[in-house]
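The values are calculated or read from the model by the stated rules, or taken from the named source; none is laboratory data. All of these numbers come straight from a predicted model, not from anything done at the bench. Please note: Cβ atoms are built from the backbone with ideal geometry, for glycine as well, and neighbour counts cover all protein chains shown. When the accessible area is computed, the model is the full protein with side chains, heavy atoms only, and any ligands, DNA or RNA have been set aside. Shrake-Rupley method; radii C 1.70, N 1.55, O 1.52, S 1.80 Å.
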Amino acid sequence: QGESGTGKELVARAVHEESVRSSKPYMVVNCGGIPAELMESEFFGHAAGAYTGARKARAGLFQQAEGGTLMLDEIGEMPLALQDGTVRPVGSDHEIQLDVRVIAATNRNLTECVEQGTFREDLFYRLETFNLQVPPLRERTDDIHYLADFFLARFNARQQRQIKGFSDAA
């Protein structure tokens with residue numbers, strides 16, 4: 001949990017890359033960017049013929065992330081319920097057992113959202129196993145030097161330059 005731009009996705013990627021799941025898929029989905037009417041199909045997939053235009057079966061995001069990590073960004077925008085380790089594709093009679101780590105990120109206070117009735121309580125308790133606050137950069141000024149060096153190295157490589165560092169004023 002943290003403000004927009006604090007690096008929640010970078011934290012999630014680091015968790016994935018430093019885990020035994022690092023050789024498996026790491027997928028990020030912006031929950032706020034998926035229309036509500038498509039969410040179930042996007043996350044859980046669908047069977048052939050499940051609805052008009054569904055000519056063939058399609059694996060959902062949970063199934064595509066099998067064995068790896070699915071990072072749900074802007075989880076506060078997602079109205080779906082998650083079940084314990086299984087998904088049922090739209091139009092299918094069968095559940096699929098999955099092994100996926102779910103990391104959810106939000107800039108909202110989900111405890112308050114649950115209390116106000118704007119976020120599903122069942123989904124909140126399924127996700128609330130470990131909460132990590134990512135503070136904004138203004139609260140971790142020691143990181144500025146590391147970030148500046150990182151971006152300098154990146155831009156030097158892109159621009160084929162050899163800028164050595166920053167002035168004290170910069």
Inset, instruction - Specify the residue with the greatest mean-square fluctuation among Pro89, Pro135, Pro35, computed from a Gaussian network of the chain linking alpha-carbon atoms under 10 Å apart. - result: Pro35
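For segment 1-53, which chymotrypsin sites (Phe, Trp or Tyr not before Pro) are in a loop by DSSP, counting at most 13 other Cβ atoms within 10 Å? Let's see the in-between values first.
Numbers: sites: Tyr26, Phe43, Phe44, Tyr51; in loops: Tyr51.
In loop regions of segment 1-53 (DSSP not H, G, I, E or B), the sparsely surrounded chymotrypsin sites (Phe, Trp or Tyr not before Pro) are Tyr51.
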Inset, instruction - Identify the chymotrypsin sites (Phe, Trp or Tyr not before Pro) of segment 92-170 meeting these criteria: DSSP loop state and at most 14 other C-beta atoms within 10 Å of the C-beta. - result: Phe130, Phe166
Legend entry - 5 angstrom amide H check on Ala105, placed H, neighbours 5+ away: Leu72, Asp73, Glu74, Ile75
Inset, instruction - Tell me which residues come under 5 Å, amide H to amide H, from Tyr26 once H is placed; ignore anything under 5 positions away on its chain. - result: Thr69
Inset, instruction - Could you tell me, in Å, what Rg and Dmax come out for the Cα atoms of segment 19-65? - result: 12.7, 40
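Tally up the carbon and sulfur contribution to the accessible surface of segment 1-80 as a whole percent, 1.4 Å probe, everything protein left in place. Intermediate values should be presented prior to the final figure.
Numbers: 2090 of 4180 Å².
C and S fraction of accessible area: 50 percent.
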Inset, instruction - Please say if the chain is rounded, prolate or oblate, where rounded means a/c under 1.5 for a ≥ b ≥ c the square roots of the C-alpha gyration tensor eigenvalues, and otherwise the choice is prolate for a/b larger than b/c and oblate otherwise? - result: prolate
Inset, instruction - With a probe of 1.4 Å, find how much accessible area segment 55-170 has per residue, and write the answer as a whole number in Å². - result: 69
Inset, instruction - Take every DSSP beta bridge with both residues inside the chain and express the antiparallel ones as a percent of the total, to the nearest 5. - result: 25
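Take the alpha-carbon positions of segment 52-145, form their convex hull, and give its projected area averaged over all directions (one quarter of the hull surface) in nm².
Working: hull surface 36.7 nm².
The Cα convex hull of segment 52-145, projected and averaged over all directions, gives 9.2 nm².
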Inset, instruction - Check the straight Cα-Cα distances from Lys24 and name the lysines below 26 Å, setting aside those fewer than 8 residues away within the same chain. - result: Lys8, Lys56
Inset, instruction - Using just the helices of the chain, give the 222 nm mean residue ellipticity in deg cm²/dmol: DSSP H runs with n ≥ 4 each add -39,500 (n - 2.57), and the total is spread over all residues, rounded to 500. - result: -9000 deg cm²/dmol
Inset, instruction - For the chain, with a Gaussian network of springs between Cα atoms less than 10 Å apart, report the residue from Leu152, Leu132, Leu98 with the top mean-square fluctuation. - result: Leu152
